[in-house]
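Take a look at the structure set out below.
The values are calculated or read from the model by the stated rules, or taken from the named source; none is laboratory data. No experiment lies behind these values; they were computed from the predicted model shown. Here Cβ is always computed from backbone atoms with ideal geometry, including for glycine, and neighbour counts include all displayed protein chains. Heavy atoms of the whole protein, side chains included, go into the accessibility calculation; ligands, DNA and RNA do not. Shrake-Rupley method; radii C 1.70, N 1.55, O 1.52, S 1.80 Å.
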Amino acid sequence: MKASAFSYARATSVFNALELLHVHGDRAKVLSGGQSLMPAMNLRLISPELIVDIGELAELRGIAATGDHVRIGALTRHVDLARSGEIAAHAPLLAKAIAHVAHPAIRNRGTLGGSLAHADPASELPACMLALNAEIIVRGLAGERRIAAQDFFTGIYETALSPEELLVAVELPANPKNSAHFFHEFARRHGDYAILGLATQAIVDADILADLRLAFFAVGDRPVLARAAKRLTGVAVTPAALSDACAALDEELDPHDDQQASAAMRRHLAKVLLVRCVAALLGRPDLDAGGSA
Ligand code: FAD
């Protein structure tokens, strides 16, 4: 199939893009790397009247570490994240996760902003934003808003962005002191969307998890920052505490059935990953002795 007829405008500045979005509202769609938008248009899942191509806006591209934060422009491609020394040094979780996003051809064009605005609940990068406590920066003609990542994703392919706003950047705290990371996903083949995954940032202080941000993905209509983490922070983690946290996780998650896995399978995999994650973060293989690995 091919897309329905549409008009095309190449934005000459962020302001120009915002003016076009203001005039055309939800009849327009922003084009970044096109790796999700074009397939959806070709399948006629969506038929926008106008495409606003922001791909040439250099001000939306790039990675900058400033003080204790890292700012990443919306048009920064997946491949740029993978190759960046700043990301490796200041946001190693992202460096780990990006290798699991699709395939090289898609990573060469797909962008961080596109991935977050698309908000596929099985995507890796939205979950990483939750784990890293990122702020999503969006701009409209009325000005800029900063939205905490955990408030940004509101449903399947839904976000807090209005049709008249652009996602312009994200800002992350730069690799906090004593931080450790864990990323793992189950997928049928490397590069496929995940059946279930977990992106985590922790602060480890003398064998105690002083902070733990567990962001599960492919567990429902949006990535989930698990409250079960509280049961493992500030205490000496024992097998009993871990099993208590697994039970709390089971209560809290509401995964779905689909052709890839049942909800029960997803619940099981989430607990497997929680155990593996905590054992890896604390360097305690004994915690995973039950054989989740
Ligand atoms: P686009 O396709 O240009 O846009 C996506 C959506 O976001 C559109 O609705 C668009 O209007 C909106 N948008 C884009 N930029 C902005 C902005 N700055 N402000 C406001 N709205 C904006 N993704 C994964 O996460 N994991 C995978 O495993 C994975 N596998 C894939 C496999 C295949 C075969 C394909 C084709 C894609 C896969 N993807 C996967 C999606 C891919 O990573 C996309 O690159 C990404 O989701 C979207 O980035 P993009 O720049 O191409 O966005």
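Measuring spread by the Cα atoms of segment 7-53 yields a radius of gyration and Dmax of 10.5, 31 Å. Cα extents for segment 1-160 along the principal axes, largest to smallest and rounded to whole angstrom: 44, 36, 29.
Annotation: per residue accessible area for the chain equals 45 Å², rounded to a whole number [probe 1.4 Å, protein chains only]. The lysines within cross-link reach of residue 230, meaning a Cα-to-Cα straight distance under 22 Å and a gap of 8 or more places when in the same chain, are 177, 271.
Segment 102-127 and segment 207-230 have Cα centres separated by 20 Å. Residue 262 contributes about 50 Å² of solvent-accessible surface, heavy atoms of the protein only, 1.4 Å probe.
For residue 96, the aspartates and glutamates whose Cα comes closer than 15 Å to its Cα, not counting residues fewer than 8 places off in the same chain, are 80, 86, 124, 185. Entry note, the chain: the mean residue ellipticity at 222 nm calculated from DSSP H runs of n ≥ 4, each adding -39500 (n - 2.57), is -8500 deg cm²/dmol after division by the residues and rounding to the nearest 500.
At a 1.4 Å probe, what is the % contribution of carbon and sulfur to the accessible area of segment 59-173?
Working: 2250 of 4500 Å².
Carbon with sulfur: 50 percent of the solvent-accessible area.
Taking the Cα centre of the chain as origin, work out the dipole magnitude from +1 charges on Lys and Arg Cβ and -1 charges on Asp and Glu Cβ, in debye rounded to 20.
600
Kirkwood radius and radius of gyration were both taken over the C-alpha atoms of the chain, and their ratio Rg/Rh is 0.99.
Using Cα atoms only, what is the angle between the long axis of helix 239-252 and the major principal axis of the chain, expressed in degrees (0 to 90) to the nearest 10? Between helix and principal axis, roughly 40 degrees. Largest mean-square fluctuation among 114, 85, 33, in a Gaussian network model of the chain whose springs join Cα atoms under 10 Å apart, belongs to 85. Residue 188 contributes about 150 Å² of solvent-accessible surface, heavy atoms of the protein only, 1.4 Å probe.
The distance separating the Cα centre of segment 1-69 from that of segment 242-272 comes to 36 Å. To the nearest ten degrees, helix 263-282 and the longest principal axis of the Cα atoms of the chain are 70 degrees apart. For segment 200-263, rounded, prolate or oblate, judged on the Cα gyration tensor with a ≥ b ≥ c (square roots of eigenvalues), a/c < 1.5 rounded, else prolate if a/b > b/c? It comes out prolate by the Cα gyration axes.
By the rule of a C-alpha distance below 27 Å, with chain neighbours fewer than 8 residues away ignored, the lysines paired with residue 29 are 2. Scanning residues 5 or more positions from residue 159 or on other chains, those with amide H under 5 Å from its amide H are 154, with H placed 1.01 Å from N in the peptide plane.
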